[in-house]
Amino acid sequence: MKLRTILVAASGNVADEEAVKLACDLSRKSKAKVYVVYIIEVKRSLPLGAVIESEIQRAEEALTRAEDIAAERNCDIETDLIQAREAGPAIVDESVERDADLILMGVTYKKRFGTFSLGSVIPHVLEEAPCRVLLCREPIP
């Protein structure tokens with residue numbers, strides 16, 4: 001599999017770290033470009049361009065951490081903060097726009113109603129993405 005572009009969808013959780021490390025390792029082998037995006041979901045009651053300071057701060061911290069991890073691994077990455085109504089469609093749209101060969105997502109282990117849950121974003125990306133999708137789940141606590 002020849003990779004030219006890897007899109008990492010960061011969400012500010014601990015699983016992002018391993019996803020960025022994996023993207024850097026995969027990019028080194030194929031000299032792929034790595035993009036790390038953080039999607040801020042904006043409620044429909046607010047304008048799409050609304051400035052939500054707490055969310056922006058969390059996003060910037062996550063993207064800065066991704067840049068630090070990449071620097072430790074001698075990997076060049078580009079980061080981007082995107083505001084959208086829903087994260088799933090925004091990730092898919094970004095993968096199309098950047099012509100990504102792979103979407104890489106870190107997954108935290110969380111249970112909902114007693115069973116493991118992927119939430120709503122990951123199933124949407126798995127269903128709609130035009131490229132390969134790789135999930136990097138953290139170990140069970």
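Quick notes on this structure:
- Residues that are hydroxyl-bearing (S, T, Y) and either within 25 Å of A32 (Cα to Cα) or touching a residue at least 12 places away in the same chain (Cβ under 8 Å) (or both) within the range 89-120 comprise S95, T108, Y109, S120, listed in sequence order.
- Among the residues of the range 77-117, those that are basic (K, R) and in contact with a Ser or Thr (Cβ under 8 Å, 6 or more places away or on another chain) comprise R98, K110, K111.
- If you check I39, I69 for being closer than 27 Å to P139 by Cα, touching a Lys or Arg at 6+ places or on another chain (Cβ under 8 Å) and not charged (D, E, K, R), only one passes: I69.
- Across the range 36-83, the qualifying residues are those that are touching a Leu at 6+ places or on another chain (Cβ under 7 Å) and among the polar types (S, T, N, Q), and the one among them that is farthest from A15 (Cα to Cα) is Q83.
- Single residue of the range 17-72 satisfying the filter (of a type in the set (G, A, S) and under 15 Å from the mean Cα position of the chain (by Cα)) that is farthest from R4 (Cα to Cα): A59
- Residue pairs whose Cβ atoms lie under 8 Å apart, separated by 6 or more positions or on different chains, with the first residue in the range 121-141 and under 17 Å from S11 (Cα atoms) and touching a residue at least 40 places away in the same chain (Cβ under 8 Å) and the second among the acidic types (D, E) and buried (at least 16 other Cβ atoms within 10 Å of the Cβ), are C136/E18; E138/E18.
Every number here is computed from the coordinates shown, using simple stated rules; none is lab data. Given the structure is predicted, the values throughout are model-derived calculations rather than measurements. Every residue, glycine among them, receives a Cβ derived from its backbone with ideal geometry; neighbour counts consider all protein chains shown.
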